[in-house]
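A.B. asks: Structure provided below as structure tokens; questions to follow.
Quick note: the coordinates plus some simple rules give every number you see, no bench work behind them. Just so we're clear, the structure is a prediction, and the values are computed from it rather than from any experiment. Backbone-built Cβ (ideal geometry, glycine too); neighbour counts: all protein chains shown.
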Amino acid sequence: MPPPLAPLDSGWITRPGDVRLHWETSGSPEGRPALYLHGGPGSGLGGGGYRRRFDPERYLVVGLDQRGCGRSTPWAVDDLDHLDDNTTPALVADIEALRTHLGIDRWLVHGVSWGSTLALAYALTHPDRVTELVLTAVTTGSREEIDWITQGVGRVFPEAWERFAATTPAGRRVVEDYARRLRDPDPAVRSAAADAWDTWESTHISLAPGWAPGPLHDDPRERANFATLVTHYWAHDCFLPGSQSILARAHQLEGIPGVLIHGRRDISGPAITPWRLHRAWPGSELHVVESEGHGGELEMGLTRRAIDRFAT
């Protein structure tokens, strides 16, 4: 694994609605361009650990804090009146604006979890700008996946799911109810919903050996922002409905080399999702890591090797 990298440069681009997006670059200024898309929605770039997946002598690595989170402004919880402007097409347009801003012609795109969905949506919209896709802990944002992660997986964790869904009226989708409560005018209602959402997500994220549930976000403000963005996207099927779903269009990715890396023990995102994507995407590769869940050391090792291979 390469040593930790410090950013070469960073800055902001301004988007409609007074949105400011934070970006950073690392690696070699003359290297092959590569974009990293973080998970969530709403996780942000964090401490920059993603940079270690790229050879700093061969890649110019670009990271982007997606709108509403990370170091981008405003945060979703600070701008609830404009939350409806935060959509997958808006994020795809943000990525393209950043590419133009940085003067990059084409780039490899690497995404993890939600970032893999966004990477796929971007590649389907701008296939001429993507050289390769390397996707880890693969998701596609389908309603089937969302209903599983918010309800179906409750069959595996019935005690936790009963507490999680206790306040949702019968006949209503749990994720839609949480999305509504996280936009409630009462801060106490929003805070309680964010806490409950964080507890549920930390419960089902993995069945990998050694995994211990615990708070995903220690900071209440980060917890609320993450929950607000996730439920907003999931309640709207990630803004990829029907014929616009990733799997419905996956055949259009033919010609873009792709590597899919997924953990067999990823209980919240079963391997059927990357399997279906692989079957629909001519020329893609699928690697399933038997011993890991939603991201792990072996998965990240395979990710680094795939990225290295594309650098040659």
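A.B. asks: Can you pull out the trypsin sites (Lys or Arg not before Pro) in segment 131-187 whose DSSP state is coil and whose Cβ has at most 15 other Cβ atoms within 10 Å?
C.D. replies: Details: sites: Arg143, Arg155, Arg163, Arg172, Arg173, Arg180, Arg181, Arg183; in loops: Arg172, Arg173, Arg183.
Loop-located and lightly packed - Arg172.
A.B. asks: Return the long-range amide H neighbours of Leu35 (sequence gap of 5 or more, or a different chain), with a cut-off of under 5 Å between placed amide H atoms.
C.D. replies: Val62, Leu108, Val109, His110
A.B. asks: Between Glu159, Glu299, Glu96, which gets the highest mean-square fluctuation from a Gaussian network model of the chain, Cα cutoff 10 Å?
C.D. replies: Result for the chain, Cα springs under 10 Å: Glu159 fluctuates most.
A.B. asks: Next question. Can you figure out the FRET efficiency of Asp195 with Glu57, using R₀ = 45 Å and their beta-carbon distance, to the nearest 0.05? Please report the intermediate quantities before stating the final value.
C.D. replies: Working: r = 44 Å, r/R0 = 0.99.
Plugging the Cβ-Cβ distance into 1/(1 + (r/R0)^6) gives 0.50.
A.B. asks: At a threshold of 8 angstrom on Cα-Cα distance, excluding pairs fewer than six apart, so keeping six or more, what relative contact order does segment 155-312 reach in percent? Don't skip to the answer; put the middle values down first.
C.D. replies: Values: 188 pairs, mean separation 31.8, N = 158.
Relative contact order, segment 155-312: 20 percent.
A.B. asks: Below 8 Å, C-alpha to C-alpha, sequence gap of six or more: please give me the relative contact order for the chain in percent. Walk me through the intermediate numbers first.
C.D. replies: On the way: 606 pairs, mean separation 56.5, N = 312.
Normalised by residue count, the contact order of the chain is 18 percent.
A.B. asks: Give the relative contact order (percent, whole number) for segment 144-238; include only Cα pairs under 8 Å separated by 6+ residues. Kindly include the intermediate steps, with their values, before the conclusion.
C.D. replies: Values: 76 pairs, mean separation 28.6, N = 95.
Contact order relative to length: 30 percent.
A.B. asks: Averaged over all directions, how much area does the convex hull of the C-alpha atoms of segment 144-238 cover when projected, in nm²?
C.D. replies: Working: hull surface 25.0 nm².
Result: 6.2 nm².
A.B. asks: Gaussian network model of the chain, Cα springs within a sub-10 Å range: biggest mean-square fluctuation belongs to which of Pro270, Pro220, Pro33?
C.D. replies: Pro220
A.B. asks: Dipole of the chain (Lys/Arg Cβ +1, Asp/Glu Cβ -1, origin at the Cα centre): which of Ser26, Pro127, His236 lies farthest to the positive side?
C.D. replies: Comparing the listed Cα positions along the dipole, Pro127 ranks first.
A.B. asks: In addition: Given the -39500 (n - 2.57) contribution per DSSP H run of 4+ residues, what per-residue ellipticity at 222 nm results for the chain, rounded to the nearest 500 deg cm²/dmol?
C.D. replies: Values: 10 runs with 113 residues, N = 312.
Mean residue ellipticity, 222 nm, calculated: -11000 deg cm²/dmol.
A.B. asks: Cut-off 10 angstrom, C-alpha nodes, Gaussian network model of the chain. Which of Gly31, Gly11, Gly39 fluctuates the most?
C.D. replies: Highest fluctuation among the options: Gly11.
A.B. asks: Rounded to whole Å and ordered largest first, report the semi-axes of the equivalent ellipsoid of the chain derived from its Cα gyration tensor (root of 5λ).
C.D. replies: 29, 23, 18
A.B. asks: Still on this structure: May I ask you to evaluate 6.51 cos²θ - 1.76 cosθ + 1.60, the Karplus curve with θ = phi - 60°, for each residue of segment 83-100 and list the ³J(HN,Hα) values in order in whole Hz, giving x for glycine and proline?
C.D. replies: 4, 5, 7, 8, 9, 4, x, 5, 5, 4, 5, 4, 4, 5, 5, 5, 4, 5
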